[in-house]
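The values are calculated or read from the model by the stated rules, or taken from the named source; none is laboratory data. Because the structure is a prediction, the values reported are computed rather than measured. All Cβ positions, even for glycine, are placed from backbone atoms using ideal geometry, and neighbour counts span all protein chains on display. Accessible surface areas use protein heavy atoms only, side chains included; no ligands, DNA or RNA. Shrake-Rupley method; radii C 1.70, N 1.55, O 1.52, S 1.80 Å.
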Amino acid sequence: MRVLVGVSVVTVICAVAQWVYVVSQLLANGVVEVGGAMFETLVVFSVLVGVVAALLGAVVGAVVLIRQSDRGLPGTLMAVGQILTVVSAIAIVFWALNFGSTGWELLLLPAALMFGQIPVAVGLFTLRRHRRGALAN
């Protein structure tokens, strides 16, 4: 469970970086600019790190789902979110490479991480609340 939490923190930070870039671009310009140092840092780099970390998280998450002792709401949310992220990313790459596409579909790859990490973030928040409540008692 410790590995899943650590990986989940990394992937959620990567997703938050992407959300910050996309929302700030939409609010400032009305469109998301694709290019420049900020785009490369906050989106491209975080996709590379986030998807690789999510792959590790999906493997560990599958183990957490299989084991009966670690199956709680936070662990389940984190595991499902990591698996959802990896499946979405694989589906996007598969579509871009195997069907008559232009390659622009790969611009959806950050969306796999951005939306797939929402349940992971909820799981981390729930875990933190559970731990804080246990410390207070």
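In table form, for the structure just shown:
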{"item": "Residue under evaluation Val64, criteria (1) open to solvent by 30 Å² or more (accessible area, probe 1.4 Å); (2) over 14 Å from Gly116 (Cα atoms), criterion not met", "result": "(1)"}
{"item": "Scan of the stretch 43-55 for residues that are open to solvent by less than 90 Å² (accessible area, probe 1.4 Å) and touching a residue at least 24 places away in the same chain (Cβ under 8 Å), ordered by number", "result": "Val43, Ser46, Val47, Val49, Gly50, Val51, Ala53, Ala54"}
{"item": "Sole residue being under 21 Å from Arg128 (Cα atoms) and without any contact (Cβ under 8 Å) to a residue 40 or more places away in the chain, chosen from Leu84, Leu65", "result": "Leu65"}
{"item": "Filtered residue count, the stretch 1-42, keeping only those that are in a helix (DSSP H, G or I), modelled with pLDDT under 90 and open to solvent by less than 60 Å² (accessible area, probe 1.4 Å)", "result": "2"}
{"item": "Any hit, the stretch 93-110, residues being among the small types (Gly, Ala, Ser) and within 11 Å of the chain's Cα centre (by Cα)", "result": "no"}
{"item": "Pairs, first more than 18 Å from Ile83 (Cβ to Cβ) in the stretch 93-115, second surrounded by 11 or more Cβ atoms within 10 Å (Cβ to Cβ) and among the aromatic types (Phe, Trp, Tyr), C-beta under 6 Å, six or more apart", "result": "Glu105/Trp95"}
{"item": "Meets criteria (open to solvent by 60 Å² or more (accessible area, probe 1.4 Å) and either part of a helix (DSSP H, G or I) or touching a helix residue (DSSP H, G or I) at 6+ places or on another chain (Cβ under 6 Å) (or both)) for Thr76", "result": "no"}
